[in-house]
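Report on the structure given below.
The values are calculated or read from the model by the stated rules, or taken from the named source; none is laboratory data. Note that the structure is predicted; figures quoted are calculated from it, not measured. No Cβ is skipped: glycine too gets one built from the backbone with ideal geometry, and neighbour counts run over all protein chains shown.
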Amino acid sequence: MRFVPSRTVEQQGRLMLHRARHLLIRPQTAVINSIRAYLAEFGIGAPVGRRGVEQLLEVVADTADRRLSKVTRTCLAAFGSQMRALKAQILEFDRRIIAWHRSSATSKRLDAIPGVEPALATALVASVADAKAFRSGRDFSAWVGLVPKQNSSGGKAKLSSISKQGDPYLRSLFVAGPLAVIRYAKIHGARHRPWLTALLARRPTRSLPSRSPTNSPGWHGR
């Protein structure tokens, strides 16, 4: 029998910090999209990104701008207040995650891997109760859901897309990490990483394995 190790109280609390942060990002994105959509109905747009949303809120706050009515400004101003409150709470969670990362020796060791950032390192430490429970990096990838589905028959192996049967939050961080490393390499070059140069020469970006050469996942291009 294979027993599943239990997380400690601290690990469960830190994992809750990640989950709460992730949960707040959803309404923040919904509010931002609503602000853009409602102002687009009045023919008012802005560039994509955080600065673009702030430009739209500046239009809302400008009472001299006659393109918006008073009722419209009141509604959009409420959306803006909600967005800023969510952003402040998310930043507070970010500060707590960074503080925990700096106090965890395991998290700092993971952060030394190319492509790993404190967010992924702390999520791993909080999610995995005991890393020795996995016999190999392949077993860990299967637990996360980053291995291809098997459709084999008659001795012929057929591999399809990844199974996506593991932890969706960790999997999203694992996929984003290598892509960030690849984007950085395409802009600044990858001469200091010959393994990445060889990999990009023979594989398209979206089919690359979501792991670093050390079989550890990455999240941030460094």
Qualifying residue in the range 104-116 (condition: assigned to a helix (DSSP H, G or I) and of a type in the set (Asp, Glu)):
yes
Have a look at VAL48, VAL53, VAL9, VAL71 and point out the one that is surrounded by 14 or more Cβ atoms within 10 Å (Cβ to Cβ), among the β-branched types (Val, Ile, Thr) and not assigned by TED's automatic domain parsing to the domain that holds ARG171.
VAL53
Lone unmet requirement of (1) farther than 17 Å from ALA142 by Cβ; (2) surrounded by 11 or more Cβ atoms within 10 Å (Cβ to Cβ); (3) not β-branched (Val, Ile, Thr) for HIS188:
(2)
Considering only residues that are in contact (Cβ under 8 Å) with a residue 12 or more places away in the chain and buried (at least 17 other Cβ atoms within 10 Å of the Cβ), which ones fall in the range 94-117?
ILE97, TRP100, HIS101, SER104, SER107, LEU110, ILE113, PRO114, GLY115, VAL116, GLU117
Being in the same structural domain as LEU173 (by TED's automatic domain parsing) and either at pLDDT 95 or above or within 30 Å of GLY177 (Cβ to Cβ) (or both) is true for just one of LEU24, LEU124. Which residue is that?
LEU124
Does the range 75-83 include one or more residues that are among the aliphatic types (A, V, I, L, M), part of a helix (DSSP H, G or I) and under 23 Å from the mean Cα position of the chain (by Cα)?
yes
Do we have ILE44 as closer than 29 Å to ASP94 by Cβ and either part of a helix (DSSP H, G or I) or not hydroxyl-bearing (Ser, Thr, Tyr) (or both) here?
no
Criterion (closer than 25 Å to ASN33 by Cβ and hydrophobic (A, V, I, L, M, F, W, C)) met by exactly one of LEU120, LEU86
LEU86
Whichever residue in the range 138-168 is in contact with a helix residue (DSSP H, G or I) (Cβ under 9 Å, 6 or more places away or on another chain) and exposed (fewer than 14 other Cβ atoms within 10 Å of the Cβ) and, among such residues, is farthest from LEU23 (Cα to Cα)
ASP139
